[in-house]
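I have placed the structure first, in the form of structure tokens, so that the comments after it can refer back to it.
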Amino acid sequence: MLEVVLAGRYAMSNLLLRELSLAGHRCPIITPDHQDYDRYRKVWNGVVDRRPAAIVRPQNVEDVRKAVHAAAASGALLAVRGGGHSFPGFSTCDGGLVLDLSELAGIAMDRDAHTIEVGGGALLGHLDRATVPEGYVVPAGVISHTGVAGLTLGGGMGWASRRYGLTIDSLLGAEIVTAAGDIVWVSETSDPELFWGIRGGGGNFGVLTRFRFRMHELGSIVVGQWSYPAANTRQALQALRDLAGRQPRDFTLNFTATTTALSVTAVWSGDAALGRLVLSPFGALADGGIGGVDTLSYLSLQSRNDEHFAWSRRYYCKGGFWSEVTDKAIDALLRSIADAPTPDSEISVLQLGGAVADVADDATAYTGREASYYWLAEPVWDDVADDERCTTWGRITGKSLSELSIAGNYVNEQADAGTVVVLDAYGPEKYRRLARLKARVDPHNLFRLNQNITPLA
Ligand SMILES: Cc1cc2nc3c(=O)[nH]c(=O)nc-3n(C[C@H](O)[C@H](O)[C@H](O)COP(=O)(O)OP(=O)(O)OC[C@H]3O[C@@H](n4cnc5c(N)ncnc54)[C@H](O)[C@@H]3O)c2cc1C
């Protein structure tokens, strides 16, 4: 049986290589005998170790179109890679084609229109380094080496979300290479249904080669960072939720529990003097708090945890939405974190609401806009021998926190995949709408390495 599978895979990769060479690619086709193969096949999560038959690194949208055609014509598995940060490793595969977009990281800003265009392989750091020095922000995530494409396709949340919404709420249009090999521009006026689907529906509908975002005024950033001893977590969280719930949308809270401490970060964007006033009480939530309030550049804020979440460490995660940080949620969090398998494993909670909730839930595929908080249980480890122990903790913790969660979920931060995860994220009604769209634009499910939506039969 194994021999049949291997022979089938061998024939498939030969077909794929033939199709790629017929397409007349000008970009190199990286196969296992290439000296840089191991470098290019690597993705962010060290748990994921796959060996594609070929990797192509397109230089332009025409190269992307040719690669999509080659995968479709040969029947090869196709993995599309933006920043390579998928937790389950969706952006690589065994035996198929990896379409690595990292060369498509170009950025073009239109200052008069307050818009910016970003290539499908750009990272958040590229986007922030273009906008922030000019006094602008596009709301996105909090780690600078994450890919703009994958993050945006799932929704995109971070420090600027309460003020300006999810990343998709600033998306004005995008260029897509479809399964049929068409290159199309989608927006509110050009195929609005597909535009609806790419705002939360993940990579199900094609290869995104260019995004156009609205830019917003950044304002002054004031940041409070405190650490409380783990023993005082309950006391601190009870005070924290009451204080945070009263703040305007210029304010965003994140807290992270580990076995040793509770870290609290409060970010204010807007008037600096007012920010200092609002943030200072967060240093006195419980006994033993250390830290303080400071002005920090937005670029420093956006990269402060880059090293902690470095490439090649080992990760698992499960997330969900809370309407409030209830006493029961605090109990569950305390019980779980006491058993965390490594010192770097964490339960992290980001405040949402504000502008995220201004948009109607059915206006985009993303589901969960009424949530006030997003929680993420994330074991982090380095030794392969700890894989099972750490993953099990992540699953058990995720289950326990999910029981207190509201409907909807964020597809981008689920390390497990499958129909249950996807249905849980979108709910049956939105899932049907996504499945109808999928049947129209990708009936043979060429783009299936994602939180996959099965085309409606
Ligand atoms: C360290 C870290 C920090 C994170 N922080 C945040 C955060 O602050 N806020 C937040 O909202 N999320 C965050 N996330 C989750 C993040 O949004 C997802 O992991 C996202 O999928 C990463 O996108 P990527 O392009 O880097 O990943 P990839 O692995 O390249 O892709 C992820 C998925 O998107 C598809 N895809 C990627 N690029 C394209 C494209 N151009 N066209 C079509 N499909 C494409 C892939 O096929 C795959 O299915 C974080 C993740 C990590 C690992």
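The values are calculated or read from the model by the stated rules, or taken from the named source; none is laboratory data. Since we're looking at a predicted model, the values are computed, not measured. Here the Cβ positions follow ideal geometry from the backbone for every residue, glycine too, while neighbour counts run over all protein chains shown. Each accessible area value is taken on the protein alone, full model and side chains, heavy atoms only, with ligands, DNA and RNA left out. Shrake-Rupley method; radii C 1.70, N 1.55, O 1.52, S 1.80 Å.
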Above 29 angstrom, tally the Cα pairs of the chain and express them as a % of all pairs, no decimals.
47 percent
Between helix 387-402 and the chain, what is the angle of the helix's C-alpha long axis to the longest principal axis, kept within 0 to 90° and rounded to the nearest 10?
60 degrees
Theoretical ellipticity at 222 nm over the chain - DSSP helices of four or more residues, -39500 (n - 2.57) apiece, nearest 500:
-9500 deg cm²/dmol
Using protein chains only and a probe of 1.4 angstrom, how many square angstrom of Leu401 are accessible, to the nearest 10?
0 Å²
0 to 90° range, to nearest 10: angle between helix 2-22 axis and the chain longest Cα axis:
80 degrees
Crossing angle, helix 327-338 versus the chain [Cα axis fit, 0-90 degrees, rounded to tens]:
70 degrees
Inter-probe distance in nm under a simple model that places probes 7 Å from Cα toward Cβ, at Glu388 and Thr31
3.8 nm
Based on the Cβ-Cβ distance from Asp110 to Thr189, what FRET efficiency comes out when R0 is 30 Å, to the nearest 0.05?
0.95
State the percentage of accessible surface on the chain attributable to carbon and sulfur atoms; use a 1.4 Å probe and exclude ligands, DNA and RNA.
52 percent
From the cross-link list Lys399/Lys438; Lys328/Lys399; Lys42/Lys438; Lys42/Lys318, the entries with a Cα-Cα span beyond 24 Å are Lys399/Lys438; Lys42/Lys438
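For the chain, give the magnitude of the charge dipole about the Cα centre (Cβ charges: +1 Lys/Arg, -1 Asp/Glu; no others), in debye to the nearest 20.
580 debye
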So for R0 = 41 Å, FRET eff. of Lys42-Glu403 from the Cβ-Cβ r, to 0.05, ends up at 0.70
SASA check, Thr260, accessible area w/ 1.4 Å probe, all protein chains in place, rounded to nearest 10 Å², comes out at 100 Å²
Rounded to one decimal in nm, the spacing of the 7 Å Cα→Cβ label points at Glu62 and Ala284 is 6.7 nm
Prolate/oblate/rounded label for region 2-100 (Cα gyration tensor, a/c 1.5)
oblate
Using Cα pairs under 8 angstrom and six or more residues apart, how large is the relative contact order of the chain, in percent?
15 percent
Find, among the GluC sites (Glu not before Pro) in region 277-363, those assigned to loop by DSSP (not H, G, I, E, B) with at most 10 other beta-carbon atoms within 10 angstrom.
Glu307
Note: Leu334 to Ser297 extended length (0.36 nm per residue) minus current alpha-carbon separation gives 10.1 nm
What distance in nm lies between label points placed 7 Å from Cα along the C-beta direction at Ser21 and Asp271?
6.9 nm
Over region 2-100, relative contact order from alpha-carbon pairs under 8 Å, at least 6 apart, %
33 percent
FRET efficiency (Arg234, Asp358; Cβ distance; R0 35 Å; to 0.05) is 0.60
Keeping all protein chains in place, calculate the accessible area per residue for the chain (probe 1.4 angstrom), answer in Å².
40 Å²
Taking only C-alpha pairs under 8 Å that are 6+ residues apart, what is the relative contact order of region 251-313 in percent?
18 percent
